[in-house]
Amino acid sequence: MKVYEALRWASSFLQKHDYEETIGERLLQHHTGWSRTQMLTEYHTTLSEQIQMKFQEDVEKAASGIPVQYITGEEVFYGREFHVNKDVLIPRPETEELIEVVLDMIRSLPLIDSDKVAIVDVGTGSGVIAITLALELSNAEVTAIDISGDALHLASQNANRLGATITFLEGDLLSPFISLGEKVSVVVSNPPYIPEGDRAVMKGNVVEHEPHLALFAGEDGLGIYRRLVKQIPSVLIKPGIIAFEIGHGQGEAVKTLIVEEFPSASVDIINDINGKERIVIGTVS
């Protein structure tokens, strides 16, 4: 089977199962090690029997609903390749927007002028937020927390591979950090925020394969925010920053939670590139 024949088959097969045909290109690149440009120049190259077999097996897996990121074991985030598996949520492009907002906020405050900017990432998953902030800020001192030991193991591997120095703590939200008596200038989190009631209408490849611990947060999706905001006064240095990724329509509720705990906070709700509420960020002085 030549490359163009393999891609034509994959495209048809995936479309028949209501999945994007570009998944085939990504899987073929994964198995050949080619860039997309190289793959296009190899259109009439005959694939080896081994690559063809593995490629077809993985296309069938993708068509069954397994996310392509779990098949290849990787996803690009903020220009860097992160390893992912079933123990962590797949990084989304919207979270890159959270990174941009946090970086801009840190650089606009006196925090950036200090010898170090202490940051804690709560619910780190694969570590994309903690690692990216550590690599983008030369004076960042980053701690990453997760309740899942398996997630922390993967995040630690990502940090080592990408050259980021991170302190990893296992525990529930900020509890392990509070126990150590540590303080930070920035609390950032992309916590579970999907209401339980949405489970029935979500795509099968998400619900059936991504960890529910990282997706769902009670009846209204705000359960984690309520608990986390109550803990933040124990760790936040003033002036400080609180930054959350949120679900669409949760902005005002999460903003209210922050203002109730920090009446003097200046809090903004920011829409993502698709015009949906995505980020709540507050400065506390």
Discussion item. Please give the Cα centre distance for the stretch 258-285 versus the stretch 54-98, rounded to the nearest Å.
Written reply: 29
Worksheet item: By how many degrees, between 0 and 90 and to the nearest 10, does the Cα long axis of helix 49-63 differ from the longest principal axis of the chain?
Response: 50
Worksheet item: Given H placed 1.01 Å from N in the peptide plane, which residues other than close sequence neighbours of Phe82 have an amide H under 5 Å from its amide H?
Response: Glu75, Val76, Phe77
Worksheet entry | Difference of contour (0.36 nm per residue) and Cα-Cα distance, Asp268 to Lys116 | 52.2 nm
Worksheet, complete the sentence: The number of Lys pairs in the chain whose alpha carbons lie under 24 Å apart, excluding pairs fewer than 8 residues apart on one chain, is 20
Fill in: Helix axis angle, 22-32 relative to the chain longest principal axis, alpha carbon, degrees
80
Practice prompt. Please state, rounded to one decimal and in Å, the Kirkwood hydrodynamic radius that the stretch 85-196 gives when every pair of distinct Cα atoms enters the mean of 1/r.
Written response: 14.2
Worksheet item: Hey, quick one: spin label on Glu74, modelled 7 Å out along Cα-Cβ, who in the stretch 11-46 has an amide N within reach, i.e. under 13 Å?
Response: 26-36
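If r is the Cβ-Cβ distance from Asp172 to Leu40 and R0 is 45 Å, what FRET efficiency results, to the nearest 0.05? Let's see the in-between values first.
Working: r = 48 Å, r/R0 = 1.07.
The computed FRET efficiency comes out at 0.40.
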Fill in: Segment Glu136-Gln29, length gained on full extension (0.36 nm per residue, minus Cα span)
35.7 nm
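Within 10 Å of each candidate Cβ there may be at most 14 other Cβ atoms; applying that plus a DSSP loop requirement, which chymotrypsin sites (Phe, Trp or Tyr not before Pro) in the stretch 16-64 survive? Walk me through the numbers before you get to the answer.
Values: sites: Tyr19, Trp34, Tyr43, Phe55; in loops: Tyr19, Trp34, Tyr43.
Qualifying residues, ordered by number: Tyr43.
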Item to complete: Could you state, as a whole-number percent, how many of the C-alpha pairs of the chain are farther apart than 26 Å?
Response: 48
Fill in: Paramagnetic reach from Leu103 (point 7 Å along Cα→Cβ, amide N under 19 Å) across the stretch 226-270
241-245, 270
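I'd like the FRET efficiency for Ile66 and Lys238, computed as 1/(1 + (r/R0)^6) with the beta carbon distance as r and R0 of 51 Å, rounded to 0.05. Mind dumping the intermediate values first?
On the way: r = 46 Å, r/R0 = 0.90.
Using R0 = 51 Å, I get an efficiency of 0.65.
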Item to complete: Run through every distinct alpha carbon pair of the stretch 3-64 and return the Kirkwood hydrodynamic radius in angstroms, one decimal place.
Response: 11.4
Worksheet, complete the sentence: Residue span Lys86 to Lys276: 0.36 nm per residue of separation minus Cα-Cα distance leaves a gain in nm of 65.7 nm
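Any read-out appearing in this document is the output of simple, stated calculations on the displayed coordinates, not a laboratory observation. Predicted model only: the values in this text are computed from it and were never measured. Reconstructed Cβ throughout: ideal geometry from the backbone, glycine too, with neighbour counts over all protein chains shown.
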